[in-house]
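Below is one structure, written out as structure tokens; the observations come after it.
The values are calculated or read from the model by the stated rules, or taken from the named source; none is laboratory data. No experiment lies behind these values; they were computed from the predicted model shown. Don't worry about glycine lacking a Cβ; one is built from the backbone with ideal geometry, like all the others, and counts go over all protein chains shown. Please note that ligands, DNA and RNA were not included when accessible areas were found on the heavy atoms of the full protein model with its side chains. Shrake-Rupley method; radii C 1.70, N 1.55, O 1.52, S 1.80 Å.
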Amino acid sequence: MMSIGPTTRHSLLKGMRGGKDEAAWRRFCHAYTPMLLMIGRRYNLSDADADEIISETICAVHRHFSDFDDPFDKAKGSFRGWLGILVKNKVIDAWRKKNRYATVQIHENQPDTKMAEDFEKLYEREWRINLLSRAMEEAKTCLVPTVYQAFVLYAIQGQRPDDVARLLSIAPGTVFVYKRRALIMIRRIVNRLMKEEG
């Protein structure tokens, strides 16, 4: 099993400072765009509205990280929480535009309580899905390809261990060993990301 590489989410956030590290910003967009898109879709926003939320959120994060030498103070909260508030405001704005003639009014300082509660649950769920997806993507680069393939075929796709073993030319018992090895790696990455992002 290979070790986790030096690039961590902490180093990504650090690289985003000043707004000049294009590679860090590309990694940020790659990591968070799917989550932002899913949140927009969950609120029945059009693809154009969801794209606008993504664009506005990334621009707001870029402005924030460009304006400060140390843009994110963990003592004041987690990156996850900060991003959640930012996204929620963008979603509320988009929802307000879409439903400007709706009977329920959403006021600037008093967002609809039900919508706010729903957003918190939705954001938490989408954050966890996104975290797991990123952890699996990272694990794929850290594990021997056969180990990762066995894990995906058996644990995710639900193929029978004998079929996986035959397909990958390994012993059937090795499928279970590889699954465990991949799960340990993924858990480690998830724990690290949770610690870094709050």
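Selection of helices (runs of 4 or more DSSP H) fully inside segment 1-95 by the criterion of at least 3 residues being open to solvent by 40 Å² or more (accessible area, probe 1.4 Å) and at pLDDT 85 or above returns 22-42, 47-67. A Cβ distance below 9 Å, combined with a sequence gap of six or more or placement on separate chains, defines the contacts here; from segment 171-189, residues that are within 17 Å of C142 (Cβ to Cβ) and acidic (D, E) reach no residue that is open to solvent by 60 Å² or more (accessible area, probe 1.4 Å) and outside any helix (DSSP H, G or I).
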